[in-house]
Amino acid sequence: MSSTVTIDGLAELKKLAGSELGTSEWIEITQERIDTFADATGDHQWIHTDPERAAEGPFGAPIAHGYLTLSLFIPLFSALLDVRGVTTKVNYGLDKVRFPAPVPVGSRIRLAARLASVDDVPGDGVQIAVDGTIEIENGPKPAAVLRSLSRFYA
């Protein structure tokens, strides 16, 4: 596990392009977290929210929503990179997302990330592309593989 990389300003951020940012701490995916996400999104499919029925299902237990796993990218990434000396940080979107493996309740996940690129954008800012892999502890495949885009303005 690596510690948070803290930098000051866009010039320092540009110098990190192409570098590995390390891995975050592990976080547990609890049934409570899954249920809270289901309540927030209205997605109460039994494979996520009904432990008894899910135990009889294809994964033997409830699994996290793919979009719950994806939503955890931001707090996991924020623990890896802290950009100071900017006025605004904006989630710009995703280029590619895949969910190779389900995340059973009780699993622990973490993020391994690489700062793929840092490019200038209009308005005295930069756009970063981060290649992220959300790993499942002791899992043969990752829970998610993605490229996230964010913009930072001076």
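Descriptive notes on the structure:
- Residue 144 crowded, with 16+ Cβ neighbours inside 10 Å, within 20 Å of residue 19 (Cβ to Cβ) and modelled with pLDDT of 95 or more: no
- Criterion violated by residue 85 - all others in (1) farther than 30 Å from residue 17 by Cβ; (2) open to solvent by 40 Å² or more (accessible area, probe 1.4 Å) satisfied: (1)
For every residue, the table says whether it meets (1) surrounded by fewer than 16 Cβ atoms within 10 Å (Cβ to Cβ); (2) touching a residue at least 12 places away in the same chain (Cβ under 8 Å).
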site: 11; (1), (2): yes, no
site: 20; (1), (2): yes, yes
site: 29; (1), (2): no, yes
site: 41; (1), (2): yes, yes
site: 48; (1), (2): no, yes
site: 53; (1), (2): yes, no
site: 76; (1), (2): no, yes
site: 90; (1), (2): yes, yes
site: 93; (1), (2): yes, yes
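- Scanning the range 55-74 for residues that are open to solvent by less than 80 Å² (accessible area, probe 1.4 Å) and among the aromatic types (Phe, Trp, Tyr) yields one hit, 73.
- Verdict on residue 97 being under 13 Å from the mean Cα position of the chain (by Cα), open to solvent by 30 Å² or more (accessible area, probe 1.4 Å) and touching a residue at least 24 places away in the same chain (Cβ under 8 Å): yes
- When we screen 68, 111 for residues that are touching a helix residue (DSSP H, G or I) at 6+ places or on another chain (Cβ under 9 Å), of a type in the set (A, V, I, L, M), at pLDDT 95 or above and part of a strand (DSSP E or B), the only hit is 111.
- Restricting the range 109-134 to residues that are under 13 Å from the mean Cα position of the chain (by Cα) and open to solvent by 50 Å² or more (accessible area, probe 1.4 Å) leaves a set whose member that is farthest from residue 85 (Cα to Cα) is 110.
- None of 57, 123 is assigned to a loop (DSSP other than H, G, I, E, B) and modelled with pLDDT under 95 except 123.
- Single residue of the range 71-90 satisfying the filter (among the aliphatic types (A, V, I, L, M) and part of a strand (DSSP E or B)) that is nearest to the chain's Cα centre (by Cα): 81
The values are calculated or read from the model by the stated rules, or taken from the named source; none is laboratory data. Given the structure is predicted, the values throughout are model-derived calculations rather than measurements. Cβ atoms come from the backbone with ideal geometry, glycine included; neighbour counts cover every protein chain shown. Only protein heavy atoms, including side chains, enter the accessible area calculation; ligands, DNA and RNA are left aside. Shrake-Rupley method; radii C 1.70, N 1.55, O 1.52, S 1.80 Å.
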